[in-house]
Amino acid sequence: MSELERVMHIEDDPSIREVARIALEVVGGFIVKSCSSGQEGLDALKQFTPDLILLDVMMPGMDGPQTLAHLRTLPETDNIPVVFMTAKVQPSEVAEYQRLGAAMVITKPFDPMTLPDQIRAIWRDWHGQD
Amino acid sequence: MDKTELLRSQLLVLAESFRQRLETDIPALSDLARSLPATTEAPIEPLRLLRDSLHKLAGSAGTFGYPTLGNKARELEQTARQCLDQRSWDDACRQRLIDGIDELKTMQKAGHSAQGPNPQMAQASVQPSSALRIFILDDDPQSALRVAQTLESFGYVVVTFATAAKLTPALEHDRPDALVLDVSPGTAGHGLLESIQRLQATWNQPLPLIAVSDQESFDIQLSAVRAGAQGFFIKPLDLAALENRLERCFNSFQSEPFRVLVVDDDIDLAQRFEAVLSSADMRVETVSDPRLLLQHMDVFMPDVILMDVNMPDYSGPELAQMIRMNDNWLRVPIVYLSAETDVARQMAALLKAGDDFITKPISDSVLITTVYSRAQRARLVSQALARDSLTGLLKHADIKEQVELEIERARRTKLPVSIAMIDIDHFKQVNDSHGHGVGDNVIRALANLLRQRLRKGDRLGRYGGEEFVAVLPNCNAEDAKTILDDIRAAFNALYFSGSNGAFQCSFSAGVSACQALGWEASGLLERADASLYQAKAQGRNRIVLADSGSDIP
């Protein structure tokens, strides 16, 4: 397994997009592609070839679960963990998102300082490494 | 400049633009709330917009150094959500939203803390299951400390108040998830009961209140009930019982949504059912190919099945009989949907299998009510059947079944699963020296602690007398060991009241896993059991990992 390098972040809120981009680039040292909608993410997918996708749950138009469903129809996303981000939800909703195929759910507000480590851990878990 | 400083300075810049954004966003929210009509019909679309905007704000404000504002936004989001879900709308709801958003305005004007966004702040909120906050007011500082320590070891966040004067504003502005209040005559808490009663009336969900007292008088209990008490405990407190009651208060608020499986070949109709039931907060899935029905059920675990009677090639009663051939699905109610109005033929279908009929055309409210009541009843019954009466955990056979299910899932999804076998140390001595009642308290306390500390998706069962099994999906053996070791330390720190003073308990556990690279799935329970035996042999109060049984170094 290679290291986590390329992260796609799909989020409609510009402030959150920016904070996450800086955290992931500066602290995490990742190559980041920020997208403002599910469609933009789908369009950019082939070219950017992310290792992992961070996906906001609530977006106008195509929301997180719908975007995930679209992603899962594309064969090239088979090996890409998709991580949901959402404001504090009921544990049952978290379980539901995981059932839909989310690798993990990160609760907002997130800590920009630890976000990169969090997704690195999720990445390792997904690939079955200790 | 190191990374932390670089990030911090960049965050400051972003926080400034977020502050500017709030200056337009919050007045916009306020306008939106004020534009909501004061009709009796809930204004669905604008309310949704308001709910979604508040949800966004709840998610972002904390990251930019406005945690209080974020929390308030979350509370308002829930208010809006409730109005939507229950379709209940009146001037009071409207006013509550308007007032709440005005509060947001005040919080925004007051500005956030001077240090700006705080990268440490969100530490606690990254946990998938959020910690519940409990306020305590007790005239006896010793007793307050003991309650606080116990509840903290159960994973709650506890804030202790010294005086009523400090508690009251905190209740109003920073509502906790529960309040433990000393209401003994002459105490500050006793004097607060009336104002708490008034406060309760202003909240749309009551605040769980646990009253503790040094006297068991009728009058005190009555005023506690009037203030919304859901538990009443006499000092010296039985802390396990108190925790158990709190647990029950919380469970009634966060039960999982009902799952409904729709079996109908008419896709349009199925989508409509899906929309109607989803609007009542149920999870719905549709099977249009009946050949996949049983597989679908295994994955989705429905609470209720809605079944079309007439489908090409198959009839509803035929499929219902197939479902009933499986013991596991006996408890799931099957509701037929049909244009059949001939009562005799309806009865004939019900005699074969199935529980109820809804006749097409179907009104939304009949559909929701029928499915809801059936689902609720089915949940209660299956809980009563599958749950151990002392602990509320799964019974032996059911947890064994969960173990098999989760191992199968792990092999399919290539996500690890860990199994832990947990046994209370020297439990017989507890029973012998303190009696079975105290022993039961210890068992219940461990059950509650495990439930608190494990994730909602984890499975937990009472395997034998003082033996428990936990199934942790998507968790490798090392992580499972770490998690259990934390729980072990917390359990070890609990004090139980026994016949001759306080005493402590410990447990041992063995952990096995089905994980990379071997994905060895056979004998996981046996391996966990063997490790538990080793943990006991090595001196108890410890967690031992099983050999992976594969080629992991």
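For the range B:462-483, enumerate the residues that are more than 22 Å from residue A:99 (Cβ to Cβ) and within 14 Å of chain A (Cβ to nearest Cβ).
B:477, B:478, B:481, B:482, listed by residue number.
How many of the residues making up the range B:317-342 are closer than 20 Å to residue B:367 by Cβ and surrounded by fewer than 17 Cβ atoms within 10 Å (Cβ to Cβ)?
Going through the range B:317-342 one residue at a time, the tally reaches 2.
Please name all residue pairs, on different chains or six or more residues apart, with Cβ atoms under 9 Å, provided the first residue is in the range B:489-516 and is loosely packed, with under 15 Cβ neighbours inside 10 Å and the second residue is assigned to a strand (DSSP E or B) and not β-branched (Val, Ile, Thr).
Filtered contacts from the range B:489-516: B:492/B:507; B:502/B:496; B:504/B:496.
Which one is nearest to the other protein chains (Cβ to nearest Cβ) among residues in the range A:82-109 that are more than 13 Å from the chain's Cα centre (by Cα) and either among the acidic types (Asp, Glu) or assigned to a loop (DSSP other than H, G, I, E, B) (or both)?
Here the answer is A:109.
Considering only the range B:370-398, how many residues are part of a helix (DSSP H, G or I) and either of a type in the set (S, T, N, Q) or over 24 Å from residue B:304 (Cβ atoms) (or both)?
Residues that pass the stated criteria total 6.
Within the range B:434-453, does at least one residue satisfy the condition of being out of contact with any Phe, Trp or Tyr (no Cβ under 7 Å at 6 or more places or on another chain), assigned to a strand (DSSP E or B) and of a type in the set (Val, Ile, Thr)?
No, the conditions are met nowhere in the range B:434-453.
Please indicate, with yes or no, whether at least one residue in the range A:27-35 is within 9 Å of chain B (Cβ to nearest Cβ) and in contact with a helix residue (DSSP H, G or I) (Cβ under 6 Å, 6 or more places away or on another chain).
Yes, some residue in the range A:27-35 is within 9 Å of chain B (Cβ to nearest Cβ) and in contact with a helix residue (DSSP H, G or I) (Cβ under 6 Å, 6 or more places away or on another chain).
For the range B:182-202, indicate whether the set of residues that are touching a helix residue (DSSP H, G or I) at 6+ places or on another chain (Cβ under 7 Å), under 25 Å from residue B:73 (Cβ atoms), touching a residue at least 24 places away in the same chain (Cβ under 8 Å) and within 14 Å of chain A (Cβ to nearest Cβ) is non-empty.
Among the residues of the range B:182-202, not one is touching a helix residue (DSSP H, G or I) at 6+ places or on another chain (Cβ under 7 Å), under 25 Å from residue B:73 (Cβ atoms), touching a residue at least 24 places away in the same chain (Cβ under 8 Å) and within 14 Å of chain A (Cβ to nearest Cβ), which makes the answer no.
Determine which single condition residue B:265 fails, assuming it passes every other condition in (1) surrounded by fewer than 18 Cβ atoms within 10 Å (Cβ to Cβ); (2) touching a residue at least 40 places away in the same chain (Cβ under 8 Å); (3) out of contact with any Pro (no Cβ under 7 Å at 6 or more places or on another chain).
In the conditions (1) surrounded by fewer than 18 Cβ atoms within 10 Å (Cβ to Cβ); (2) touching a residue at least 40 places away in the same chain (Cβ under 8 Å); (3) out of contact with any Pro (no Cβ under 7 Å at 6 or more places or on another chain), residue B:265 misses (3) alone.
What tally of residues in the range B:537-553 results from selecting those that are modelled with pLDDT of 85 or more and either crowded, with 16+ Cβ neighbours inside 10 Å or in contact with a Pro (Cβ under 9 Å, 6 or more places away or on another chain) (or both)?
Step one: list which residues in the range B:537-553 are modelled with pLDDT of 85 or more, which gives B:537-546.
After this cut, where a residue has to be either crowded, with 16+ Cβ neighbours inside 10 Å or in contact with a Pro (Cβ under 9 Å, 6 or more places away or on another chain) (or both) as well, the list is B:541-546.
Counting residues in the range B:537-553 that are modelled with pLDDT of 85 or more and either crowded, with 16+ Cβ neighbours inside 10 Å or in contact with a Pro (Cβ under 9 Å, 6 or more places away or on another chain) (or both) gives 6.
For the range A:6-60, which positions are free of Cβ contacts under 8 Å to residues at least 40 places away in the same chain, of a type in the set (Lys, Arg) and touching a Phe, Trp or Tyr at 6+ places or on another chain (Cβ under 9 Å)?
A:33
Could you tell me whether residue B:403 is closer than 22 Å to residue B:544 by Cβ, assigned to a helix (DSSP H, G or I) and touching a helix residue (DSSP H, G or I) at 6+ places or on another chain (Cβ under 9 Å)?
So residue B:403 passes the test.
Just to be sure before I move on: is residue B:28 away from chain A (no Cβ under 13 Å), in a helix (DSSP H, G or I), within 35 Å of the chain's Cα centre (by Cα) and modelled with pLDDT of 80 or more in the structure I sent?
It is true that residue B:28 is away from chain A (no Cβ under 13 Å), in a helix (DSSP H, G or I), within 35 Å of the chain's Cα centre (by Cα) and modelled with pLDDT of 80 or more.
Determine the pairs where a residue that is closer than 25 Å to residue B:444 by Cβ and in contact (Cβ under 8 Å) with a residue 12 or more places away in the chain, located within the range B:148-166, has a partner that is among the polar types (S, T, N, Q) and part of a strand (DSSP E or B) with Cβ atoms under 8 Å apart, the partner being 6 or more residues away or on another chain.
Pairs that qualify, where the first residue is closer than 25 Å to residue B:444 by Cβ and in contact (Cβ under 8 Å) with a residue 12 or more places away in the chain and the partner is among the polar types (S, T, N, Q) and part of a strand (DSSP E or B), are B:148/B:160.
If you go through the range A:39-52 one residue at a time, do you hit one that is part of a loop (DSSP other than H, G, I, E, B), more than 9 Å from every other protein chain (Cβ to nearest Cβ) and under 29 Å from residue B:284 (Cβ atoms)?
Scanning the range A:39-52, I find no residue that is part of a loop (DSSP other than H, G, I, E, B), more than 9 Å from every other protein chain (Cβ to nearest Cβ) and under 29 Å from residue B:284 (Cβ atoms), so the answer is no.
Please enumerate the residues belonging to the range B:369-412 that are among the hydrophobic types (A, V, I, L, M, F, W, C), surrounded by fewer than 16 Cβ atoms within 10 Å (Cβ to Cβ) and either over 25 Å from residue B:523 (Cβ atoms) or in contact with a Pro (Cβ under 8 Å, 6 or more places away or on another chain) (or both).
B:380, B:381, B:384, B:385, B:390
Would you mind finding the one in A:53, A:80 that is farther than 30 Å from residue B:9 by Cβ and surrounded by 19 or more Cβ atoms within 10 Å (Cβ to Cβ)?
Matching residue, one of A:53, A:80: A:80.
Which one of these is touching a Phe, Trp or Tyr at 6+ places or on another chain (Cβ under 8 Å) and modelled with pLDDT under 85: B:383, B:376?
Criteria check complete, one pass: B:376.
For the range B:343-378, what are the residues that are out of contact with any helix residue (DSSP H, G or I) (no Cβ under 9 Å at 6 or more places or on another chain), basic (Lys, Arg) and over 21 Å from residue B:322 (Cα atoms)?
Scanning the range B:343-378 gives a single hit, B:377.
How many of the residues in the range A:61-70 are away from every other protein chain (no Cβ under 13 Å) and in contact with a strand residue (DSSP E or B) (Cβ under 9 Å, 6 or more places away or on another chain)?
Looking only at that region, the number is 2.
Looking only at the range A:24-45, count every residue that is more than 12 Å from the chain's Cα centre (by Cα), at pLDDT 90 or above and charged (D, E, K, R) and tell me the total.
Counting residues in the range A:24-45 that are more than 12 Å from the chain's Cα centre (by Cα), at pLDDT 90 or above and charged (D, E, K, R) gives 2.
Can you tell which of B:18, B:64 is among the aromatic types (Phe, Trp, Tyr) and farther than 25 Å from residue A:90 by Cα?
Going through B:18, B:64 in turn, the sole match is B:18.
Would you call residue A:117 more than 11 Å from the chain's Cα centre (by Cα), more than 8 Å from every other protein chain (Cβ to nearest Cβ) and not aromatic (Phe, Trp, Tyr)?
yes
Matching residues to (1) crowded, with 21+ Cβ neighbours inside 10 Å; (2) polar (S, T, N, Q):
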position	(1), (2)
A:90	no, yes
A:94	yes, no
A:98	no, yes
A:109	yes, no
A:114	no, yes
A:117	no, no
A:126	yes, no
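Here's the yes/no breakdown for (1) of a type in the set (A, V, I, L, M); (2) touching a Ser or Thr at 6+ places or on another chain (Cβ under 8 Å); (3) at negative phi; (4) part of a helix (DSSP H, G or I):
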| site | (1), (2), (3), (4) |
| --- | --- |
| B:222 | yes, no, yes, yes |
| B:245 | no, no, yes, yes |
| B:249 | no, no, yes, yes |
| B:262 | yes, yes, yes, no |
| B:268 | no, no, yes, yes |
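Any residue at all in the range A:71-81 that is within 11 Å of another protein chain (Cβ to nearest Cβ) and on the phi < 0 side of the Ramachandran plot?
Within the range A:71-81, one or more residues are within 11 Å of another protein chain (Cβ to nearest Cβ) and on the phi < 0 side of the Ramachandran plot.
All but one of (1) more than 24 Å from residue A:125 (Cα to Cα); (2) within 14 Å of another protein chain (Cβ to nearest Cβ) hold for residue B:513, so report the exception by its number.
For residue B:513, the failing item is (1).
The values are calculated or read from the model by the stated rules, or taken from the named source; none is laboratory data. Because the structure is a prediction, the values reported are computed rather than measured. Positions of Cβ are generated from backbone atoms using ideal geometry, with glycine treated the same way; all protein chains shown enter the neighbour counts.
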